[in-house]
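Report on the structure given below.
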């Protein structure tokens, strides 16, 4: 049975953030709120936790995970970023965007796109996520929480807990989240290319 933490979205309790980080560092799988819906994540280097997420979401080996980062300096550790890309990221983070970039050598190979050697990265505009990442001192390996039999993602954490309490280690309730995913922007070739239109305004990349 998983744990269930209720956190204020603007002022998450330090004690619960610390406990959540310890669960993740011990190999746990966590469901948490972001600025574009609930997501499911685990520690960056934990293959067993990654496999649990793949099984829960029924994802194959080709599905890309996203590294959820706290700031641009952390993104620069895990991606190759030129000056134009850096300026774009600085202007539009934190926010509901996922950026596809060439991965650096710091990214575990199992997380990379098998042919392009790219990785998705994002900085959510969420105080809960920011506090958790600060405590972890590394990115969260993450995907959106949409189950195989769902047409739409969960909105309420209590519904998530009722459905998945035996399959994850922690559900963080940060209030109701929307159902619109991030806007995905590919920056690999230098010119921004919108791959998916979501919550983030795509017109700024046209």
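Considering only residues that are crowded, with 17+ Cβ neighbours inside 10 Å and touching a residue at least 60 places away in the same chain (Cβ under 8 Å), look in the range 112-126 and name the one that is farthest from residue 16 (Cα to Cα).
118
Checking the conditions here, which among 188, 194 is touching a strand residue (DSSP E or B) at 6+ places or on another chain (Cβ under 8 Å) and under 17 Å from residue 65 (Cα atoms)?
Among 188, 194, only 188 is touching a strand residue (DSSP E or B) at 6+ places or on another chain (Cβ under 8 Å) and under 17 Å from residue 65 (Cα atoms).
Residue pairs, Cβ under 6 Å, 6 or more apart or interchain, first in the range 163-190 and on the phi > 0 side of the Ramachandran plot, second surrounded by 14 or more Cβ atoms within 10 Å (Cβ to Cβ). List them.
175/9
All but one of (1) touching a strand residue (DSSP E or B) at 6+ places or on another chain (Cβ under 6 Å); (2) surrounded by fewer than 23 Cβ atoms within 10 Å (Cβ to Cβ); (3) part of a helix (DSSP H, G or I) hold for residue 160; which doesn't?
Unmet condition: (2).
Criterion first (out of contact with any helix residue (DSSP H, G or I) (no Cβ under 8 Å at 6 or more places or on another chain), in contact (Cβ under 8 Å) with a residue 12 or more places away in the chain, loosely packed, with under 14 Cβ neighbours inside 10 Å and farther than 23 Å from residue 157 by Cβ) does residue 79 satisfy it?
Criteria not met by residue 79.
Quick one: count up the residues across the range 9-25 that are free of Cβ contacts under 8 Å to residues at least 12 places away in the same chain and assigned to a loop (DSSP other than H, G, I, E, B).
Going through the range 9-25 one residue at a time, the tally reaches 1.
Any read-out appearing in this document is the output of simple, stated calculations on the displayed coordinates, not a laboratory observation. Predicted, not measured: the structure shown is a model, and the values here were computed from it. Every residue, glycine as well, gets a Cβ built from its backbone with ideal geometry; the counts of neighbours run over all protein chains shown.
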